[in-house]
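A.B. asks: Sending over a structure as structure tokens; questions will come in a sec.
Bear in mind these aren't lab numbers, they're just calculated from the coordinates by the rules spelled out. No experiment lies behind these values; they were computed from the predicted model shown. Here the Cβ positions follow ideal geometry from the backbone for every residue, glycine too, while neighbour counts run over all protein chains shown.
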Amino acid sequence: MDELVALCKRRGLIYQSSDIYGGLQGVYDFGPLGVELKNNIKKAWWESMVYSNDNIEGLDSSILTNPLVLKYSGHEDTFSDPMVDCKSCGLRFRADQVPSTCKKEDLTEPRQFNLMFKTNVGPIEDEDSYAYLRPETAQQIFTNFKNVIDSTSKSLPFGIAQIGKAFRNEITPRNFIFRVREFEQMELEYFVMPGLDEDCHDLWVQNRLDWWADQGVPIENIELYDVPNEELAHYSKKTIDLMYKFPHGVEELEGIANRTDFDLGSHSKKQEDLNISSNVQKNKDSNSKLAIQDENGKWIVPYVVEPSAGVERGFLAILNEAYNEEDLEDGKTRVVLKLKPHLAPIKAAVIPLKKNNPEIVDLSMSVKNKLQKLGLGRIIFENTGNIGKSYRKHDEIGTPVCVTVDFESLENKTVTIRDRDSMQQSRVNLENLNDFFINQIKY
Ligand code: GAP
């Protein structure tokens, strides 16, 4: 973990938020390369969910959430962790995360601490003017269920996908970006006919394992954890957690839950007409029936299968898998991030051999512009004049290829391509560079 943290800071992937004022615990900023990697992870997820499945639609809902949403979802009553105080050191901990330095006899009895952030909306601060920052992106998918159906004419099975920020006032944020107070989730709510939910759940578990493998996190480094009944969230009938070997230990990367008809049932009006199987509280406020009618006019509340992954945890797992330290023939070592090319923050660096030679510089710039126009991600023109140093830097930030323009390039219109992983160099004709590059980077 220390090496990953150091690399993230050194190369501008992640910074402590509000650093110049001493930081803010459990909150991080993503720097120039971090934002690229993060965007690429989200793009890969969006492509695999929304673009690859015509029965999945996207959504971008608000972060500020009407308290009634989180009342009926059960979060106001149950979204809490047990907290204890240590009378000796004066610190507060989640009851299951007390450090071994605190003695049992110094701890208070655990009490429940709600993890939701509250804020005021509008100019008047009173009891009725508050809202929550959403603790999961899922709830607004449920509240928009009818809107999406009515505007897209979807029938079961279908899904709504969303990527966005979620906020949790974690008692003990820790392990770098693993447990933070502000993070992003990639969530799919997949609506199915009751009775088909269990098979669908199995399919999504496999689908998600395959997706992580495509991002460079192999299946053999993920354990499936069938969450026991006493640990299940209030809405879940069954949850399989994908547990990854993070540098600090094996912990949850993603959860795939069978949320049954709990959420749609909870947010629905006229619940008595709907034959809801979950134990939901009576809803006196909703103005919408979150159900569909079958061909006989019978109302059905779909079941929901939810794969829910954290972007930051994915980022950490992907970085951890990609990070390599290699011994070189000259006795030196290199750090190389063997990221899958579609995730690499920079797709190619174009480097002129001589930084003061106008012809070489011009040709390099035109190569950069040509590659940039392919729309595959960021290409940079790097006029440092020190090829060896550029190669080392780009190894460390995972750039799949470096393109060097030299005197020969001016004569025969070829460039040198240097491959990040093998360090092999080859000459490619400028005419073929686009095709070569598309083949290297495409996902
Ligand atoms: N909608 C379901 C849900 O929110 P969850 O297991 O509480 O379920 C889903 O969260 C995912 O969100 C987790 O698997 C994890 O990747 C990420 N996550 C949850 N809390 C987090 C935190 N405090 N910091 C970073 N990621 C978090």
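A.B. asks: Pull out the extension gain between GLU295 and ASN53, defined as 0.36 nm times the separation in residues minus the alpha carbon to alpha carbon distance; nm, one decimal.
C.D. replies: 84.7 nm
A.B. asks: Count neighbours as other Cβ atoms within 10 Å of each site's Cβ, and list the trypsin sites (Lys or Arg not before Pro) in region 66-111 that are DSSP loop with at most 14 such neighbours.
C.D. replies: Within region 66-111, the qualifying trypsin sites (Lys or Arg not before Pro) (loop, at most 14 other Cβ atoms within 10 Å) are LYS87, LYS103.
A.B. asks: Across 10 Å bins from 0, what is the distribution of all Cα-Cα pair distances for the chain, in whole percents?
C.D. replies: Binned Cα distances yield the sequence 4, 18, 25, 23, 16, 10, 4, 1, 0.
A.B. asks: A further question on this structure: Going Cα to Cα from LYS354, which aspartates and glutamates come in below 19 Å? Please leave out same-chain ones fewer than 8 positions away.
C.D. replies: By straight Cα distance, LYS354 reaches ASP362, GLU382, ASP406, GLU408, GLU411.
A.B. asks: Could you give the size of the charge dipole of the chain about its Cα centre, using +1 on the Cβ of each K and R and -1 on the Cβ of each D and E, expressed in debye and rounded to the nearest 20?
C.D. replies: For the chain, the charge dipole is close to 1260 debye.
A.B. asks: Pop the C-beta distance of LYS413 and TYR15 into the FRET formula with R0 = 41 Å and round what comes out to the nearest 0.05.
C.D. replies: Efficiency, from the Cβ-Cβ distance: 0.45.
A.B. asks: Only sites in a loop by DSSP and with at most 13 other Cβ atoms within 10 Å count here; which trypsin sites (Lys or Arg not before Pro) in region 389-424 make the cut?
C.D. replies: LYS413
A.B. asks: Could you work out the helix-only [θ] at 222 nm for the chain, with each DSSP H run of four or more residues adding -39,500 (n - 2.57) and the total divided by the number of residues, to the nearest 500 deg cm²/dmol?
C.D. replies: Per the formula, -8500 deg cm²/dmol.
A.B. asks: Explain nothing, just the number: relative contact order of region 1-140, from Cα pairs under 8 Å at least 6 residues apart, as a whole percent.
C.D. replies: Contact order relative to length: 18 percent.
A.B. asks: Dipole magnitude of region 74-197 about its Cα centre, charges +1 at Lys/Arg Cβ and -1 at Asp/Glu Cβ only, in debye to the nearest 20?
C.D. replies: For region 74-197, the charge dipole is close to 480 debye.
A.B. asks: Give the relative contact order (percent, whole number) for the chain; include only Cα pairs under 8 Å separated by 6+ residues.
C.D. replies: 12 percent
A.B. asks: Further question on the same structure: Cα centroid distance between region 424-443 and region 95-115, in Å?
C.D. replies: 57 Å
A.B. asks: Taking the Cα centre of region 288-409 as origin, work out the dipole magnitude from +1 charges on Lys and Arg Cβ and -1 charges on Asp and Glu Cβ, in debye rounded to 20.
C.D. replies: For this selection, approximately 420 debye.
A.B. asks: Taking only complete DSSP H runs, can you tell me which helices of the chain stretch 20 Å or more along their own long axis by Cα positions and average at least -1.0 on the Kyte-Doolittle scale?
C.D. replies: Helix filter hits for the chain: 32-46, 358-372.
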